[in-house]
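So the structure is just underneath, and the comments pick up after that.
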Amino acid sequence: MTSKSPAPSPSTRVLVWDLPTRLLHWTLAGSFASAFVVASVADEHSPSFVVHMLLGAIAAIAVVLRVAWGFVGSRYARFRSFAFGPGSVVSYLRGVFRGEGERHRGHNPANAWAAFAMFALLLGVAATGALIARGGHVVKDVHAVLVYAMVAVVAAHLAGLALQAIRRRENVAIDMVDGKQVGDPAHAIASAHPVAAVAAIGLLVASAAVLVRGYDPATRRLTLPGVGPSLELGNAEEGDRDRRGGRGRDRHHDD
Ligand code: HEM
């Protein structure tokens, strides 16, 4: 578990977040935020809506990789280092509001819970998005609720970081950029794990390439190698209407 420590010199910043954790943080933050913006501006039946789905898929792949890294990654990236019980979250938040603000290496209890919530919500958002693409309209509302829950957790995450920055007069915004936190050098991680980061980039790029190559803009279908039926992207409602009207999914092939 991440431990508390006496206040170190505010100028000493030590390596805490390895490269895969930082890379996956910015991949999932960037892809979720961009997917949200695209969904807000593009009509769901427009060809450009497929960009929303691609970004959502990339966010989901980043979370899957981050979950795997949570079992094998470096000290502060491992889930067991930030598996705090609800009691620690309550006492941490009490301390924050009293102005005490215990210092934690790695995630503090509140950020740890926000991190787990964001991983779970992103997986739920991606799963319901895939079901919608396959014509499952009933999950549309669930998808929207999960998206807005995610937006609320992201807002809490950013507010928490701002509070930390103000209270401690630390620029926490750069922690996830250079991977460092104010702390005792004895507790720094030994390596940023660049090889694992390169492997993660390779997997993300390869997955995005498979998705792009499997997408046929003429039929708006995505066919994934080795995966059963294809997804009818950006066209679920139309496809469903067609099926109900007896024209079937292959209308675009017949046209
Ligand atoms: C859509 C936007 C964002 C999402 C979805 C997001 C998501 C996350 C997640 C899931 C974690 C846990 C990291 C892990 O264990 O792998 C995290 C941690 C963190 N994020 Fe973000 N983030 C977002 C935006 C930002 C921004 C804009 C900043 C900086 C200005 C930031 C800075 C951090 C920092 C410093 C941590 C570590 C917090 C700690 O001390 O526990 N994040 N974020």
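What follows draws every value from the coordinates through simple rules; no lab data is involved. Quick caveat: nothing in here was measured; it's all calculated off a predicted structure. We place every Cβ from the backbone using ideal geometry, glycine too, and count neighbours over all the protein chains shown.
Short-range pairs are left out: with C-alpha atoms under 8 Å and at least six residues apart, the relative contact order of segment 13-216 is 35 percent. Computed 3J(HN,Hα) for segment 182-191, one whole-Hz value per residue from the Karplus formula 6.51 cos²θ - 1.76 cosθ + 1.60 where θ = phi - 60°, is 5, x, 7, x, 5, 9, 6, 7, 7, 9, glycine and proline marked x. Each Lys and Arg adds +1 at its Cβ and each Asp and Glu adds -1 at its Cβ; summed about the Cα centre, segment 13-216 shows a dipole of about 620 debye. Remark: segment 163-174, residue by residue, has Karplus-estimated 3J(HN,Hα) of 4, 4, 5, 6, 4, 9, 6, 10, 8, 5, 4, 8 Hz, where x stands for each Gly or Pro and the curve is 6.51 cos²θ - 1.76 cosθ + 1.60 at θ = phi - 60°. What list of whole percents do you get for P(r) of segment 13-216, with Cα-Cα distances grouped in 10 Å bins up to the one holding the largest distance? Final binned percentages: 8, 32, 34, 19, 7, 0. Computed across segment 80-139, the Kirkwood radius stands at 13.6 Å (inverse of mean 1/r, all Cα pairs). In segment 102-222, Rg over Rh equals 1.08, where Rg is the alpha-carbon radius of gyration and Rh the Kirkwood radius from pairwise Cα distances.
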